[in-house]
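Working notes for the structure below.
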Amino acid sequence: MFTLRSAGAVIILLVASQSHVGAAEITTFNPPDELTGTWPSGINGSGVIVGTYGNSVNVPAGFLRFPDGTFVEFGVPGASSTRGIAINATGAVTGEYRVADGEDHGYVRSAQGVITTFDVPNSASTTPVAINHEGEITGYANGGSEGIGFVRHADGKIDTFVVPGGTDGTYPLSIDSDGEVAGWYEKYGYSGAFVRWRNGSFKLFALRDDLGTKPVRITPHKFIAGVREDKSKVDRGFIRDPAGKITTFEIANTTTLPTAMNVHNEITGYFGNTTGFIRFYNRKRILTFSVINSVGTYPTAINGKGDIVGSFVGNFATSQYAYEQGFLRTP
């Protein structure tokens, strides 16, 4: 049993260690010509996975893995590297690519395989991080002295924004189906959380006495999950409900890093820098899991069915791989 701390209350959660619980299964995978690692980063409701891998000529390329286990590898023409970062319900993908200038640029790949590149105007680099069901993309760009946020609409129009108040950088990390964005901003070395509503207004929030608050996901129901750095400089998890109530949690009194949340408010991530977890919202429990014979399991995304993807590092003593590979955990 471990303790989950929330404002004004202490909640006791049952935590079960597992590789398989009930019907849960973990499948490991790499694209066919993988050479130097596989890093899944997103999964949609149909079970299509997007990510990045080091291919046979040691160049980072994007990949899609379909539920039947087949792969499609892709890259932006002329790019020295392409990273697949996020996927939406229709199968559209966004990410970044790099060319000879050494800077990152954005792209969107349709479900039919058509790639459209884009850059935030007047910026040195563009980093897309999320795409919603409508094809709206959010991310951040290098605006010179600070990071600036952006939303690219499905018609290609790009809006840029910064958190009001003279911040040192604005970094969106998630966009919901209404086009509302969650992320973090930096000011004088402090990281605070923001939500940018569709009308362009902002809501800022943080936990008292914390050193930083960084959302990683906003759902259509306006629940927000993320990471908080407490005053002892240890990262913990949090979930914020639509009314603004924030509940914090940790596992085994150690570093706890949420990375994603689905529409049922199920949160995944890892703790202790080695072990994956899933936190159930209504059942008030946490399950932990690891890929067998691994020395580190790092979930990155979870869909509405509870399918979790991520990467793991094999144990060199028992595996031919000592670098990161992909995994899929199905409930």
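The values are calculated or read from the model by the stated rules, or taken from the named source; none is laboratory data. Everything quoted here is computed from the prediction, not taken from an experiment. Glycine also receives a Cβ, built like all others from the backbone with ideal geometry; neighbour counts cover every protein chain displayed. Surface areas here come from the heavy atoms of the whole protein model, side chains and all, with no ligands, DNA or RNA. Shrake-Rupley method; radii C 1.70, N 1.55, O 1.52, S 1.80 Å.
Quick notes
- Listed cross-link partners K231/K284; K231/K305; K187/K222; K222/K305 are compared with a 30 Å cut-off, the Cα-Cα value being larger for K231/K305.
- Hull volume per residue, based on the alpha-carbon atoms of segment 173-331 and their convex hull, is 126 Å³.
- Among Y190, Y298, Y171, the largest mean-square fluctuation in a Gaussian network model of the chain (Cα springs under 10 Å) belongs to Y190.
- By accessible area, using a 1.4 Å probe on protein heavy atoms only, the chain has 50% of its surface on carbon and sulfur.
- Counted over the chain with a bin width of 20 Å, the fraction of Cα pairs per bin, in whole percents, is 32, 60, 7.
- Net charge contributed by nearby residues that have their C-beta within less than 11 Å of P258 (K/R +1, D/E -1): +2
- The calculated P(r) of segment 66-218, using every Cα pair and 5 Å bins from 0, goes 2, 10, 19, 21, 19, 14, 9, 5, 2, 0 in percent.
- Sorting the Cα pairs of segment 34-78 by distance into bins of 5 Å, from 0 upward, gives 6, 23, 30, 23, 12, 5, 1 percent per bin.
- Gyration tensor verdict on segment 222-314 (Cα atoms; rounded if a/c is under 1.5, prolate if a/b is larger than b/c, oblate otherwise): oblate
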